[in-house]
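Worksheet: the structure to be examined is printed underneath.
The values are calculated or read from the model by the stated rules, or taken from the named source; none is laboratory data. Worth saying up front: this structure is predicted, and the values here are computed from it rather than measured. Reconstructed Cβ throughout: ideal geometry from the backbone, glycine too, with neighbour counts over all protein chains shown. The accessibility values were calculated without ligands, DNA or RNA, using every heavy atom of the protein model including side chains. Shrake-Rupley method; radii C 1.70, N 1.55, O 1.52, S 1.80 Å.
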Amino acid sequence: MKKTLAIVVLFLTTLTSWAQFPGAPAGGKGGQQIPNMGHIYGKVTDTAGKPMEGASVVLLQNKFDTVSKKRKEILLKGIVTKANGEFSFAELPIMATLKIKISATGFVSYESPVAFQMKMPAGGGQPTSSDPAASMNALNGVLNSFEKDLGNIKLNIDVKQLQAVTVTGSKPLLKMDIDKKVFNVEKNLVSAGGTALDIMKNVPSVQVDIDGNVLLRNAPPQLYIDGRPTTLTLDQIPADAIESVEVITNPSAKFDASGGNAGILNIVLKKNKKTGYNGNLRAGVDKYGALNGGGDINLRQEKFNISASINANQMKSKTTGTTERLNFGSIPETMINQENKNNMNGGFQFGRLGFDYFLSNRTTISLGAIKVHGEFNPEETIKIGTDSLYNSGTLKSYSERVSTGKRSFNANGFQLGMKQLFPREGEELTADMNFFSGKNEGHTDYNTEYFSSSTGPKTGFMKQNMVNSGTNQFLTIQSDYVRPFKGSTKLETGVRAQLRKLNNDNFNYILDPISNQFVLVPSATSNYKNNDNVYAAYVSFASAIKDFGYKVGLRAESSEYNGELTNTGEKFSNKYPVSLFPSIFLSQKLKGKQELQMSYTRRINRPNFFQLLPFTDYTDPLNITKGNSNLVPEFTNSVEMSYSKTFKGNHFLLASTYFKYTTNLITRYQEKQFDPVIGSDVLVSTFINANSSYTTGVEVTSTNPLTKWWDLTSNINVYNSKINTDNISGSTSQDALWSWFGKVNNNFKLPANFSIQLSGTYQSKTNLPVNQNSGFGPPMSQSQSAAQGYNKPTYGVDIAVKKSFLKNNAASATLSFNDIFRTRIQEQYSYNNYFTQNYYRLRDPQMIRLTFSYRFGKMDLSLFKRKNLKSMGEGMQGASEGMQQ
């Protein structure tokens, strides 16, 4: 008995001594520490007393922050209520200052302080040894004081929140930053089951033609995925894998300076931050019978986060077109009429795997992998009739060319990243390594038959076989450091190395009619390899003086390349010296939720290996190209000013004006050259540096929640551009032409969980692009890039209807109808010293898709374990977002 009483006395004496210092730290001298033995529990109900499942319950602890020298509330534990509305927290610090917060969508949040009040025995906490029973009762009383029943906690309905629940539960469609605009595309209905190209058609400022060429303010942008350059094309990325698109019209010093007068489109892939497990499944079909499907899953628990995604898209595309060209400069002058019919069958698979390991509270290691595989079987029929203008009505020649082939590609990407947080809020160090490799193979058979007329007998034929293969490797190593100072002052710096390696083989064979064997044509065969390396470092400094913010940066870049024609042994190399690229961003916040922004940047566009390679490419006999080894880089200076205002009712307006001036603009140029394949002169497209060019314009973007069930996003860009070609003999400068591009997107939320999206685009008459040639496109069309002319006006309208059903709207079906009126037509008129041409194309009009989606998962907010001040805030925000979805 004495032994028992001694233990009781020792226990109560220890607690009593700690109770005299309520503000004491968790550990004392000699490593003494109060055990975490507190336990609270309770039940959450609505005003009718009905248990509430899935309510968010978090415990906050008031602690002293050694960095800011202030006390702050940080997340101690979090959980969601069970089906019976109950919650329970154990192993709580009994001497800490705690606060409980309970929230649920549609209800007023509840919060209350929580404290453990120990019931000490009479006599100042010293039990008497003469009464063992009293001593045990005293001990039980102390232990019971560490158990706290909060009872039934009722949450009242939040009338205001219920009225606006459709708004608070959704991410904003547009988010402004000092150097970029972020567009949320997760709920873009018309792109469901499509690719990133379908996404871009509804992103403000972005233009997409029927061949998939993307322009940002009338210039081709750089494509990034999750902040890193990629060799994937937009039609190789499924729309269902994209969370948002960042439009960077004037990139800061942090980004690559290459890209010339275009900006950056950064595609942010979906990354689920909800804890627990969750995912979705989807499947769809279009009017041609092309199937698409996929799914993803995310598991986050304690120190691990694993995500996986897979998508498969089948392609069945149809294109028709006509071309009328008048050739002059030769006698007799001729008129060529061409009809094109293209079918593209195939598909691709896209897989992504990610793994995050929270090594400690401040250190995260991330691994990722991307796998893409695609196979396509293009078929094309071209009918060409040539008339002599000197003998009107007489057909000079008629031919039909049928081409069939197969193309395949395999791409693999790997990412390794490390993120280190520091006690100072906002300070972080990141290191990333991204490796991307791809392999492509293909062959095309061209079978051309010549006739005396369209109905006459065959007079001859030619068969050509093209075999190609290639590999590419893309390695990026980057490290960035962010150091915040007092207030909003922040220093950013980083280094980067980008290494690219390319190998490509093209073999051109002609059928010998005598031996009936295909014979290699060495002069029309090109095999090459090249290395292209860019090294960079940057520093930027951002701060604010009251409502005036600024961000200044400087980037230094140098590059080198070397290449070799492996079939001839010719080698080419060049090394560009270090160039400096400053950037300045200014912002001034005004009263009434208004803001002014101004930015200036300098960028570079280096000629790539294909543009420099002095070899004639006869891959397509109707689209012959050649590089120019004398090209030099072009430099662009850009200035942009913008004004934004948020009006009552969350109506938002953004108006921008921009001006870009480029020296040594790389543009296309045409010349005549002897073709060894057909044995006569042909037009060859090459590249040349023009004196200069400028682009100027005004762009307005607005988002308008017109009613509780209707929101509208609209964008219009009015622009003008001109090229100065005084340094090119025999050429005339392109005429300046004011053009405009408009885009509207309506979203309607209807009863019975229906929603509708109605969008449209309009492009006025505009000059032909200065330098846009991806190497893929219809015959005879690419020569227009080397000519003057214009695109004729075009417009298109899309609509989609979505129905959500099942519990918590976990399932949905979406029916989309693109190009309703069959008006998204590409029509061009072009001319130069050798021809005038009218061109018409129509691709996949009135496309209909049906897509089904099902999401599943279970969240557990108690799995948030990142216990530093910054990540705690992020965790609470993510938990809140998770509860609203």
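Look at M466 and say whether it is under 30 Å from Y528 (Cβ atoms), hydrophobic (A, V, I, L, M, F, W, C) and open to solvent by less than 40 Å² (accessible area, probe 1.4 Å).
On the way: under 30 Å from Y528 (Cβ atoms): yes; hydrophobic (A, V, I, L, M, F, W, C): yes; open to solvent by less than 40 Å² (accessible area, probe 1.4 Å): yes.
The answer is yes for M466.
Can you say whether F741 is closer than 22 Å to P705 by Cα and either modelled with pLDDT under 90 or assigned to a strand (DSSP E or B) (or both), as far as the supplied structure shows?
Here the answer is no, as F741 does not meet what is asked.
Does region 407-433 hold any residues that are in contact with a helix residue (DSSP H, G or I) (Cβ under 8 Å, 6 or more places away or on another chain), among the aliphatic types (A, V, I, L, M) and over 30 Å from V467 (Cβ atoms), and which are they?
Within region 407-433, just L421 meets the criteria.
Out of region 80-139, which residues are outside any loop (DSSP other than H, G, I, E, B), modelled with pLDDT under 85 and open to solvent by 70 Å² or more (accessible area, probe 1.4 Å)?
Result: E91, M136, N137.
In region 528-553, which residues are open to solvent by 70 Å² or more (accessible area, probe 1.4 Å) and β-branched (V, I, T)?
Within region 528-553, just I545 meets the criteria.
Name the residue, out of N623, N637, that is at pLDDT below 80, open to solvent by 20 Å² or more (accessible area, probe 1.4 Å) and polar (S, T, N, Q). Spell out the reasoning first.
Values: N637 fails: at pLDDT below 80.
Only one candidate qualifies: N623.
Filter region 331-359 down to the residues that are open to solvent by 50 Å² or more (accessible area, probe 1.4 Å) and more than 30 Å from G295 (Cα to Cα), then identify the one that is modelled with the lowest pLDDT.
That would be I331.
Give the residues of region 254-281 that are open to solvent by less than 20 Å² (accessible area, probe 1.4 Å), at pLDDT 75 or above and assigned to a strand (DSSP E or B), sorted by residue number.
Once the filter is applied, which keeps residues that are open to solvent by less than 20 Å² (accessible area, probe 1.4 Å), at pLDDT 75 or above and assigned to a strand (DSSP E or B), region 254-281 yields I264, L265, N266, I267, L269, N278, G279.
Can you tell me which residue in region 721-736 is nearest to E699 (Cα to Cα), limited to those that are open to solvent by 20 Å² or more (accessible area, probe 1.4 Å) and modelled with pLDDT of 80 or more?
Among those residues, the one meeting the criterion is K722.
Listed here are the residues, each with its yes/no results for (1) surrounded by fewer than 17 Cβ atoms within 10 Å (Cβ to Cβ); (2) farther than 30 Å from N508 by Cβ; (3) in contact with a Lys or Arg (Cβ under 7 Å, 6 or more places away or on another chain).
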residue: E379; (1), (2), (3): yes, no, no
residue: K406; (1), (2), (3): yes, no, no
residue: Q415; (1), (2), (3): no, yes, no
residue: A431; (1), (2), (3): yes, yes, no
residue: K439; (1), (2), (3): yes, no, no
residue: H443; (1), (2), (3): yes, no, yes
residue: S452; (1), (2), (3): yes, no, no
residue: K458; (1), (2), (3): yes, no, no
residue: F485; (1), (2), (3): yes, yes, no
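Is it true that E449 is under 34 Å from the mean Cα position of the chain (by Cα), among the acidic types (D, E) and more than 30 Å from S559 (Cα to Cα)?
Numbers: under 34 Å from the mean Cα position of the chain (by Cα): no; among the acidic types (D, E): yes; more than 30 Å from S559 (Cα to Cα): yes.
No.
Within the group T568, T525, which residue is farther than 24 Å from Q498 by Cα, open to solvent by 20 Å² or more (accessible area, probe 1.4 Å) and modelled with pLDDT under 90?
The conditions single out T568.
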